[in-house]
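All remarks here apply to the structure that follows.
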Amino acid sequence: MKRSVLAALLVLGTASASWATSSAPGAGLQPAYEQIDSFHFYGRLDNWRAIDRNTLIVWTTPSRPYLVELMRGSPDLRFAQVIGLTSTIGNVHAKLDSVLVRGSEYPIKAIYRLNREQARELRQVRTTQQAV
């Protein structure tokens, strides 16, 4: 039992930190995912998933996931049934637009482009968090 919980925490710690930065000896800090300034948004999300109170994955189409990091955490994000996004001329921009959760705006700090496998891994981390 202790080993499975420890393993889950190790996986959780490794995966949740990997989206921000990863370090290699002598290489300095390098982004684990490609950071982008904005993504196209046509007023409707295909899907979304909270990772924690500061990060979420949004899908603009079934094959286009993005990791969105908030400037400040939303205590309601993990429990919200619906979220919204502000956009500027059909694009959601980091440091300009916000995620809307239960009537409150949470400015977007950073956006990262994900592929399907990366999004799947982050969703599994979230499932592991709920189990622990």
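What follows is calculated from the coordinates using simple rules that are stated; it is not laboratory data. All figures in this text were calculated on a predicted structure; none of them were measured in a lab. Methodologically, a virtual Cβ is constructed for each residue, glycine included, from the backbone with ideal geometry; neighbour enumeration extends over all protein chains shown.
For the peptides 38-46, 98-106, 50-58, what is the packing order when you average, over each peptide's residues, the other Cβ atoms within 10 Å and list the highest mean first?
Per-residue Cβ counts within 10 Å, averaged per peptide and sorted highest first, yield 50-58, 98-106, 38-46.
Which FRET efficiency value, to the nearest 0.05, is calculated for Arg49 and Leu96 with the Förster distance at 25 angstrom and r the Cβ-Cβ distance?
On the way: r = 23 Å, r/R0 = 0.92.
Working from the Cβ atoms, E equals 0.65.
Would you mind getting me the FRET efficiency between Ile89 and Gln35? Use the beta-carbon distance for r and R0 = 22 Å, nearest 0.05.
0.60
Mind listing the long-range amide H neighbours of Asn91? Cut-off is under 5 Å, sequence gap 5 or more, other chains count too, H placed in the peptide plane at 1.01 Å from N.
Phe41
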